[in-house]
Structure formats: structure tokens, C-alpha cells
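Encoded as C-alpha cells, the structure appears first; notes follow it.
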Amino acid sequence: MNANKKWLATGLSVLFCSTAQAGNVSVTAGGFYSSADTSMGAYSPNLRKSFDLDFESDLRLKEREMLPYLQIEYAFNSKHSVYLDWRSLHRNSSVSAARSFAVSIDDKLYEAEVGATVQSTLNIDLARLGYSYSFYESDKWDLDVTAGIHIMQLQIGIGGELYLQGGNTNNVLGLGNYAFTDVTAPLPDIGLEAEYSINDDWKAISHAQFFYIEFDGIKGLLVDANLGLQYSFSDSWHAAATYSYYEVNVDYGADLADLNVNFQFYGPMLTLEYQF
């Protein structure tokens, strides 16, 4: 991560931070205290079968992490708006392999034996771009339908005492060296947003978005949902506490060298919004 990204991530990790707005723009920033469950397809040379290599339990990536969150929304009027949000999770680890496995990185199979030092990095950046239409409004309820796209930028790196499967047992990477694969997976989505006004200061808020595709050897699943409460300090300042759940599964092909990545984020989220 470069210096600019480190500065941005540090600033956004503060649960309540200052924001700015102009015109009909609202800016929301905060933090998502996430529990992560991430895995990718792997192969066991000893058992001669495929399995899910778990980044948290097998490779010891940190399970709980504070994720920065940022959203910018522009409302054309009371019915129509567009939004863009972003969250990020970058992790690294080094572990002694408890079992042998082989993984595909950039169309090459790398194998780790039991006891080998395996270094890993998993960087995930998620952006959501969408359009929202308010189809029902009353004194208590505001219901919106949404359509957009989730863009996942995924970087997986495996290094350490690994060798190419089918080659000799000399280390082809070595400690501190990694084989990387980068994936950008755009997934369209549709969903609903709901707000219920409890009183002048408090609202119950939620959203749910979903997408699934299975076509020509490619499978993709996206679930993005949250539920919580929002408190209004004034017409411009709002704070929210929600529980958020995010799941993405990408499965490309059924062969050993094909990509199969699954991850889930879930946990409490606190944000502060400033709007015109």
C-alpha cells in the first residue's frame, strides 16, 4: 500500500470524522469492525482432492479488523440519487504449513509441504456505484429501489518455501518473494433500501442488495445487507450504528488451476454523515 492509501485508510478508520458537502452532495465516513471469513480453492497432494484453503484458520490472516468506509451520494431531487462507496481490507501473514497444499497463482500451481514457511497477502478493495429511486414515501416510511454495480479489486499473494508442482523440490520463491494474482470482478446488483421514522430524531434504516450469475463456467454471488439505527443531530448531521453483512463468491471454472475465491465480512459499523 502506498503512502497516500495508508493516509486515507488511517483517516477513515476513525469512527467519527469530519466531512464536507456542497449542494445536494452528502458525505458519509466511518468504520466497519469486521469479522472476515475468506477462502480459495486448493488441492491436497496427499489426499488427492480439492478443498477450501481458509485464509484465517490455515494461513493465519487476522480475522477481526477495522475497515475504513466512505460514501458520497448526490441527490438530483427527492426521488432520484446516485451514490459511490468504498471499503478496504488488506492483510498479511507468515505461518508454518500444517498440511500440504497446492494453489493456482497466475495459471501456475505452487505447492507447500507440511512445515514449510508460507507467507500470504490478501488485499481486497470494494466499491459500490449505484442509482436509487424512491418509489414510496409517507410520514413514517421511505422505500427505495436500487440498481448498480459492485466492483471488487482482489490481490492474492503466496510466497515463502513453495515450489512449482511437477518440478523439482528446490524453492522457486523463497522467503520474502511472492507470486501474485490480481482479479477485478464487477458484479451488478439490485436491491431495496428502507427507512422508518421512529420520531423526529431516530430512524430505523436498512438495505439489501443481491446478485447471482451462473454462465459458461463462471459463477458469481453477491449479498450486501445492513440493519440499524440513525440519529439526527440536526438537518445536516446524522450518525448511524448498523450491523453489516457482505458476501462475495467468485468461481471461474472447475479445473484445479481455475479461480475460486469466497469471502464474507460481517460486524458492527459506525458512520457519521453530513448532508445539505
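By the count of neighbouring beta-carbon atoms within 10 Å, fewest first, 113, 137 end up ordered 137, 113. When each of 198, 156, 105 is scored by the number of other beta-carbon atoms lying within 10 Å, the sequence from fewest to most is 198, 105, 156. Converting phi to 3J(HN,Hα) with the Karplus coefficients 6.51, -1.76 and 1.60 and the offset θ = phi - 60°, the stretch 184-189 yields 10, 10, x, 10, x, 8 Hz in sequence order, with x at every glycine or proline. The slack in the chain from residue 74 to residue 213, taken as 0.36 nm per residue of separation less the alpha-carbon distance, amounts to 47.1 nm.
Of 183, 114, 261, the sequence from fewest to most neighbouring Cβ atoms within 10 angstrom is 114, 183, 261.
We did not get these values from a lab; they are worked out from the coordinates using the rules stated. This structure is a prediction, so every number in the text was calculated from the model and none was measured. Glycine also receives a Cβ, built like all others from the backbone with ideal geometry; neighbour counts cover every protein chain displayed.
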